[in-house]
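One structure is given below, encoded as structure tokens.
The values are calculated or read from the model by the stated rules, or taken from the named source; none is laboratory data. Since this is a predicted model, take the numbers as computed values, not measurements. Virtual Cβ from ideal backbone geometry, glycine too; neighbours counted across all protein chains shown.
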Amino acid sequence: MEANTEQRSPVISVKNLHKIYEIGENKVHALAGVDFTINRGEFCMIVGTSGSGKSTLLNMLAGLEKPTEGQIVIAGEHIENLNESKLVIFRQKHVGFIFQSYNLLANMDAVENVATPLMFQGVSKKERTRRAINMLTSVGLKKYLDHTPGQMSGGQQQRVGIARALVVEPEIIFADEPTGNLDSNTSMEVMNLMQRIAREKKQTIVMVTHDNNLAEFGDKIIRIIDGKIVELIDNREKARMLYEERKQKINHE
């Protein structure tokens, strides 16, 4: 019971969040009074069309943009009050990122790409390499350790990106349209991997997507239109059932 209580405790809390952009004499309300919590170990989907405010919201949660008004509490800290140097330290300690465009370094192999964030934590080269190899193995890339991005498919590159986010053992992973550059089959493979990580590692993942089909992978679904949350769905039971079905299918293959 204690472990379950910990898992259900809020790790992100957002209250009355506003973001207003001034364009000439006009004011654009990208976020208009957003409230929600995300619990530890949840796979949360923020869903909306282009211009809905979902990417702005993700940037706010990651401390990449300052809110016009409101509170963002992550891992017990009010990040809206932090200056840029403190935000950098906060992100290094608590956050991992998965990007749509992978953002891998072309002249580095998979191990070197995954190991790079550990440099900023002062981890020795030997330990960086060990942890990178272990993480790449866990995402199914044991045979591709010495491959550069140009020698890998889009799906393989995104797996490297996921391993890079995980290697620093963050409390939270933010994923910005991580399947946006992938075909439908590869998208499903990446989503299955992310859901497995969330389940097995009790990892908190917050993902932005415009795809309603992908949203079904999430334990919590937050739908946003014109900067406002229009629907908040507890999808834990359905996501768990889908996960178990896919797991059984893989075991039978």
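So the values come out like this:
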{"item": "Breaking point among (1) modelled with pLDDT of 95 or more; (2) aromatic (Phe, Trp, Tyr); (3) within 25 Å of residue 60 (Cβ to Cβ), for residue 144", "result": "(3)"}
{"item": "Among residues of segment 100-119, those that are assigned to a helix (DSSP H, G or I), surrounded by 13 or more Cβ atoms within 10 Å (Cβ to Cβ) and not hydroxyl-bearing (Ser, Thr, Tyr), counted", "result": "8"}
{"item": "Options 9, 13, 52: the member that is hydroxyl-bearing (Ser, Thr, Tyr), touching a Ser or Thr at 6+ places or on another chain (Cβ under 6 Å) and in contact (Cβ under 8 Å) with a residue 24 or more places away in the chain", "result": "13"}
{"item": "Some residue of segment 59-68 being in contact (Cβ under 8 Å) with a residue 12 or more places away in the chain, touching a Leu at 6+ places or on another chain (Cβ under 7 Å) and in a strand (DSSP E or B)", "result": "no"}
{"item": "Test: residue in segment 191-207 that is touching a helix residue (DSSP H, G or I) at 6+ places or on another chain (Cβ under 8 Å), surrounded by fewer than 22 Cβ atoms within 10 Å (Cβ to Cβ) and on the phi > 0 side of the Ramachandran plot", "result": "yes"}
{"item": "Residues within segment 172-209 that are without any contact (Cβ under 8 Å) to a residue 60 or more places away in the chain and of a type in the set (Gly, Ala, Ser), tallied", "result": "2"}
{"item": "Which listed residue, of 25, 69, 42, is modelled with pLDDT of 90 or more and surrounded by fewer than 17 Cβ atoms within 10 Å (Cβ to Cβ)", "result": "69"}
{"item": "Count of residues meeting criterion [surrounded by fewer than 17 Cβ atoms within 10 Å (Cβ to Cβ), touching a helix residue (DSSP H, G or I) at 6+ places or on another chain (Cβ under 8 Å) and under 16 Å from residue 196 (Cα atoms)] in segment 135-149", "result": "1"}
{"item": "Those residues of segment 25-59 which are of a type in the set (S, T, N, Q) and in contact with a His (Cβ under 9 Å, 6 or more places away or on another chain), in sequence order", "result": "49, 50, 52"}
{"item": "Enumerated strands (runs of 3 or more DSSP E) restricted to segment 166-253, each holding at least 3 residues that are of a type in the set (D, E, K, R)", "result": "228-234"}
{"item": "Hey, residue 226 acidic (Asp, Glu) and touching a residue at least 24 places away in the same chain (Cβ under 8 Å) or not", "result": "yes"}
{"item": "Residue count, segment 44-59 (criterion: of a type in the set (Val, Ile, Thr) and farther than 23 Å from residue 238 by Cβ)", "result": "1"}
{"item": "Segment 73-99: number of residues that are surrounded by 17 or more Cβ atoms within 10 Å (Cβ to Cβ) and either of a type in the set (Lys, Arg) or under 21 Å from residue 190 (Cβ atoms) (or both)", "result": "6"}
{"item": "Residue list for segment 87-113, restricted to those being in contact with a Gly (Cβ under 9 Å, 6 or more places away or on another chain) and of a type outside the set (Val, Ile, Thr)", "result": "87, 90, 91, 97, 99, 100, 101, 102, 103, 104, 106, 113"}
{"item": "Residue check, residue 177 modelled with pLDDT under 95, under 13 Å from the mean Cα position of the chain (by Cα) and more than 28 Å from residue 245 (Cβ to Cβ)", "result": "no"}
{"item": "Options 219, 176: the member that is acidic (Asp, Glu) and crowded, with 21+ Cβ neighbours inside 10 Å", "result": "219"}
